[in-house]
Structure formats: C-alpha cells, structure tokens
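Below: one structure, written as structure tokens.
The values are calculated or read from the model by the stated rules, or taken from the named source; none is laboratory data. Model, not experiment: these values are computed from the prediction. Positions of Cβ are generated from backbone atoms using ideal geometry, with glycine treated the same way; all protein chains shown enter the neighbour counts. Surface accessibility is based on the protein's heavy atoms, side chains included, excluding ligands, DNA and RNA. Shrake-Rupley method; radii C 1.70, N 1.55, O 1.52, S 1.80 Å.
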Amino acid sequence: MEKKNIDWGNLGFGYVQTDKRYVSNFKDGSWDEGTLTSDPTVVINECAGVLQYAQTVFEGLKAYTTEDGHIVTFRPDLNAARLKASAERLEMPAFPEDRFVDAIAQTVAANEAYVPPYGSGATLYIRPYLFGTNPVIGVKPADEYQFRVFATPVGPYFKGGVRPLTIRVSDFDRAAPHGTGHIKAGLNYAMSLHAIVSAHKEGYDENLYLDPATRTKVEETGGANFLFVTKDGKVVTPKSSSILPSITRRSLVYVAKEYLGLEVEEREVYLSELEDMAECGLCGTAAVISPVGKIVDHGKEICFPSGMTEMGPVTKKLYETLTGIQMGRLEAPEGWIKVIK
Ligand code: PLP
Ligand code: COI
C-alpha cells in the first residue's frame, strides 16, 4: 500500500481530511449496523440536540506504525469505556464498547495510506464522537444520535515540538465541583476557549486550572493531566474528581512503577507545593508527555530546575518508555496494544 505524499515531519496538530470515516446512527432505541463512508459532511436538523444544548462527547487516541511495520492502537478499550461514561453523564446511549474498538480498527485500516511511517515523528490521531441529532427545543436529551470516527495525521500538539512549555495559572475554571470535568464532553472545551485564547495572547502555551471549589489545588490543563517529579525522584500526579481520567497518565503511573521502579503518589497537589518540584510535564494522547519549564502564577514565576531547554531526566525516561511501548520497541503489558495490521 502506497502512503500519501505528506511531509510527515512537518505536520502540526491540525485536521487533514482522510479517505474514510465510520458512521452509525441510533434511532428507536438501537444502533444500526454502521458503515464506512467517504462523505466528511454531517447534515442534521437545525434544532439538533448537539447544536442547541451541546449534547456531544468525544474521545481521542492514536494509531502508530511500529518498528517492525505493524499498525497498532494503544488501549482503545479504555477509550471505549470512557466514552460510555461520558455518554451516560450526558444522558446519551453509549456506543457498545466492542463495536467501538472495531470501528476504530475499521477506520484506521481504511486510512492506512495516512498512517505516518515509523520514525517520522507523526501519528494518526483518531477522533470518535457521539452527538444528539434530532430536534429538541425544550431542555432534554435527544432521542436520536450519531456516532462517528474520523482520523487525521498529526504532529506535535504544541508548536515547536518537544520543548519546555510556559503555563499560566488561570483565573477561569474549566470545570465545576460535581460538574462534568471528569468526562470528555465538548462543553468542557467550549468553557476553555476564552481562557486559551487569552493565554496565547499573553504569550503562554496553556492554562493550569485550579480546583474550582478552593482554587488552591492543581487540576489539569485544557487538554492534558499533570505529572510532577519531586527532588527525590518520586512521581506525583493530581487526584481530583473534576479532571479527565487520562489514559496516558494511568499508563504512565504503571510504567513509572513497573518499568522504572519509581515511587508514585496520586494525591491532591497544592499549588503552593510546585516550587519544590524538580520536573513537570503534561500528559495526554495529543500532548504525549510535554515538558513544562515554567508556571506563572499572577506574575510569580515557578521555574523547574529541569529548565527551559531540556526535558527533565525522569520525564524523559517516562517519555521514552511510553513511546517505546507504543512503537513496539519495548514489550507492552498484556492487552495494551491492539494490532490493526
Ligand atoms: N485532560 C483533558 C482535559 C484532555 O482533553 C485530555 C485528552 O484527551 C487528557 C487530559 C488526556 O487524556 P488521555 O491521556 O486519555 O488522552
Ligand atoms: C487528546 O489528547 O486526545 C485530546 O482530546 C486533547 C485535545 C485538547 C486535543
């Protein structure tokens, strides 16, 4: 199979239209059999639930070309389970988890020409999503839904590739106590748009959101969880009921303990503790592990000793081990890698 003529090494994190996408519709209480289509457009009623009341949830995962030339995805079963949890919170029918994993495989296989080659630095980003399609004008859940999966080749999420980021402590919240911060709902990202535009205008790469109840604890950024490394080499990651349970973070906790023999603490992390940390990183499917060099809290700079040019040494080991597992250079824990081809 011939690959598309794409400058893989210079891809950013953007949308490139690929050949096929998966579509299934929910009507009269059940999902249809689903199909691949070439049509990238969605035609829905002007009063669709998604358009009026933002009834939409999504996922993000990647396909990788391994060192030995296979195409694989990483823990898609966890994305299936998280989409189900997100759907239930917004009163939507979940897409069956086994069918979710199969839809991912079909979409990746049908777009094989767009899966970036091993070593190119790019990957195929996969976006499954689910939204209410029939008219609703009173505030209530839709009765009809569409589940779609498209794929797009991507490079690094942050401009400039792997370089330490500068983040500000945001005055805006992205979640509410007992709200929807723990699910992957489009509405959380709408909440963050003004904050990210204003952070970029002020020269920051991202926002650090504090816990919305007390504004003293570190939550996450608009698109990734935090990992910190203490000066004695312990990995610390915030625990909160209003952050997204990142699959990358959960995988890194395992990698840190079982592959690298590191001590890991999943606990509340106070903003006031950050000046004692040695390293900081953002982790997520899109972010992979992006090092953070500096956090600015209303003019007060918290500079991590790892500096503004390099990834910290523990962050780097975590990055290399995780990407090694994803690209087939290191043996994966049972069930983590789903081979597509
Ligand atoms: N937090 C937020 C708000 C996100 O959007 C994402 C991306 O999916 C993550 C964390 C990281 O989650 P994952 O590692 O499952 O991609
Ligand atoms: C992902 O990492 O998959 C996400 O959904 C994050 C998003 C901000 C691109």
Reference-scaled alpha-carbon Rg (2.2 N^0.38 Å with N residues) for region 20-94: 1.35
Integer Hz, Karplus 6.51/-1.76/1.60 couplings in order for region 197-211, x for Gly and Pro: 4, 6, 5, 4, 4, 8, x, 9, 7, 7, 10, 9, 8, 8, 5
Mean accessible surface per residue for region 4-48, computed with a 1.4 Å probe while every protein chain stays in place, in Å²: 64
By average C-beta atoms within 10 angstrom, highest first, the peptides 216-225, 233-242: 216-225, 233-242
Convex hull volume of the chain per residue (C-alpha atoms, cubic angstrom): 134
Taking region 7-119 and dividing mean pair separation by its residue count, relative contact order in percent (alpha carbons under 8 Å, at least six apart): 26
Where only C-alpha atoms are counted, convex hull volume of region 275-341 per residue in Å³: 116
Efficiency of FRET from Cβ geometry, Glu88 and Tyr189, R₀ 22 Å, rounded to 0.05: 0.70
Cα pair count fraction exceeding 21 Å, expressed as % - region 152-261: 42
Accessible area per residue in Å² at 1.4 Å probe, computed on region 217-305: 37
Whole-number Å³ per residue for the convex hull built on Cα positions in region 100-176: 182
Area of His298 that stays accessible when all protein chains are in place (1.4 Å probe, Å², to 10): 120
The chain: relative contact order as a whole-number percent, Cα under 8 Å and 6+ apart: 20
Cα-derived Rg over Rh, computed across region 269-314 with Rh taken as Kirkwood radius: 0.97
Accessible area of the chain belonging to carbon and sulfur atoms, whole % at 1.4 Å probe: 51
Per residue value of the accessible surface for region 53-185 (all protein chains in place, 1.4 Å probe), Å²: 36
DSSP-defined beta bridges in the chain - what % are antiparallel, rounded to 5: 85
